[in-house]
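Shown next, in structure tokens, is the structure this report addresses.
Please treat every number below as a calculation from the coordinates, not as lab data. Bear in mind that the values here come from a model prediction, so they are computed numbers and not experimental data. A quick note on method: Cβ atoms are made from the backbone with ideal geometry, for glycine too, and the neighbour counts reach across all protein chains shown.
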Amino acid sequence: MNLRTGIDLIEISRLQEAFDKHGDRFRTRVFTDRELAEVGDRIDSLAARWAAKEAVAKAFGTGIGNVQWKDIEILRGPNREPVLHLHGYAKDLAEKEGLTTWAISLSHTEIYAVATAVALGERKT
């Protein structure tokens, strides 16, 4: 069995400062078109997705680097639950590591956003 976890916490104001400083260039570098369409300008929801992307990258054991921001996409499921979609290097890495089942949890207050990621699969030999 292969079990991985990741967690991240961000001050929402830090993300707002980055948006204020870098504008749409920063926003579109980090978030997919589908994420932006679902969330709009809700900074608390975007911050929770930022934290989720970091948590997933930590579960991989890589951090953001080879795994790019847009390789990790957090969308809403039919009950508005967070659903992970992997693309590019992140998808390839999950397949290589045998990580087939993911659970994502998001939460936020007025000040902080937090996310956890848990991955499970069969270790490949």
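Modelled this way, with points 7 Å down the Cα-to-C-beta line, the labels at residue 19 and residue 80 are 1.9 nm from one another. Relative to the longest principal axis of the C-alpha atoms of the chain, give the angle of the C-alpha long axis of helix 43-60, reported between 0 and 90° and rounded to the nearest 10°. Roughly 20 degrees, rounded to the nearest 10.
By the count of other C-beta atoms within 10 Å, a proxy for reagent exposure, 124, 58 are ordered fewest to most as 124, 58. Rounded to the nearest 10 degrees, what's the angle between the helix 12-30 long axis and the longest principal axis of the chain, both from Cα atoms, 0 to 90? It is inclined by approximately 70 degrees.
Each residue, residue 122 and residue 68, gets one label point 7 Å from its Cα in the Cβ direction; the gap between the two is 3.2 nm. Residue exposure proxy: 56, 39, ordered by other Cβ atoms within 10 angstrom of their Cβ from fewest to most, comes out as 39, 56.
Centre-to-centre separation between the Cα atoms of segment 13-58 and those of segment 77-125: 16 Å.
Its Cα gyration tensor gives segment 2-121 an equivalent ellipsoid; the semi-axes, largest first and in whole Å, are 23, 15, 13. When 85, 108, 22 are arranged by Cβ crowding within 10 Å, least crowded first, meaning fewest neighbours, the order is 22, 85, 108.
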